[in-house]
Amino acid sequence: TSGVIIAMDGPSGTGKSTVSRRLAAALDASYLDTGAMYRAATVWVLDNGIDPDDVDAVGGSVRGLELRVGTDPSQETVSVAGADVTGPIRGAAVTAAVSAVSAVPAVREKLVAMQREIARSADRIVVEGRDIGTVVLTDADVKIYLTATAETRAARRNEQNITEGRGDDFAAVLADVERRDRADSTRALSPLRPADDSVPVDTSELSMDEVIDTLLTLVHERT
Ligand code: C5P
């Protein structure tokens, strides 16, 4: 009994999370944000006073990580050791350290196993991340690779920063987008790249509604 699995990969700033959540809601499916899981592991590492660049220490600490993640597309819930970390996982310290933590083999091993189990037990699920179609769920029914130019992605994030009162600094945001792209696509373990059988969707020139329409058409064609 295997349900329908939709893999959503791509770099940050493509609108991937909003798109994935809305797609899941439209399909009456569950939603798994794997980035939130790497962020939660990073909260655990930082709260334990571990240097995120110390591979052995990070790897050792992850054994004690007790992580729970919800799959309701209308409400995100993430907890670490029983404490709600839904807010803290979006903080600047976590964002700065998450690339290092997510590059540690023991971290990926543990989280990938959890992701497979959650996806397997779902009736229908949209799973969002970087390596879902290439590593985690290679037999997904539909694989989407969302892209947008670095400038488009930085402009969107900068707008979001302004709206949320975090200031206006396009150059710094663009540099951060490019740094994270580089870190995620050049790492040895599960680098960010499109799966051979994924469908690329460039969101640079599309509205959110147009992106959702495109994806719903794709999903209906393939499932
Ligand atoms: O999607 P989000 O920006 O929240 O992901 C945070 C970080 O988690 C990414 O920059 C990446 O380093 C890592 N990540 C990953 N594999 C995934 C999802 C996220 O390595 N499947």
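The values are calculated or read from the model by the stated rules, or taken from the named source; none is laboratory data. These numbers were taken from a predicted model, which means no experiment stands behind them. Cβ atoms come from the backbone with ideal geometry, glycine included; neighbour counts cover every protein chain shown. Accessible surface is based on the protein model in full, side chains and every heavy atom, while ligands, DNA and RNA are left aside. Shrake-Rupley method; radii C 1.70, N 1.55, O 1.52, S 1.80 Å.
Would you confirm whether or not the range 124-140 contains a residue that is open to solvent by 40 Å² or more (accessible area, probe 1.4 Å), free of Cβ contacts under 8 Å to residues at least 40 places away in the same chain and away from the ligand (no atom under 13 Å from the Cβ)?
So in the range 124-140, the residues open to solvent by 40 Å² or more (accessible area, probe 1.4 Å) come out as 124, 130, 135, 138-139.
Still in the running and free of Cβ contacts under 8 Å to residues at least 40 places away in the same chain: none.
No, every residue in the range 124-140 fails to be open to solvent by 40 Å² or more (accessible area, probe 1.4 Å), free of Cβ contacts under 8 Å to residues at least 40 places away in the same chain and away from the ligand (no atom under 13 Å from the Cβ).
Filter the range 113-156 for residues that are of a type in the set (Gly, Ala, Ser) and more than 20 Å from ALA29 (Cβ to Cβ); which is modelled with the highest pLDDT?
That would be ALA113.
Take the residues of the range 183-209 that are assigned to a helix (DSSP H, G or I) and at pLDDT 90 or above: which is nearest to the chain's Cα centre (by Cα)?
MET208
Taking the conditions exactly as written (more than 19 Å from the chain's Cα centre (by Cα) and aliphatic (A, V, I, L, M)), does ALA175 satisfy them or not?
Yes; evaluated as a whole, the condition is true for this residue.
For ALA155, which of the numbered conditions (1) more than 15 Å from the ligand (Cβ to nearest atom); (2) over 24 Å from THR71 (Cα atoms); (3) outside any helix (DSSP H, G or I) fails to hold?
Going through the list (1) more than 15 Å from the ligand (Cβ to nearest atom); (2) over 24 Å from THR71 (Cα atoms); (3) outside any helix (DSSP H, G or I), ALA155 breaks only (3).
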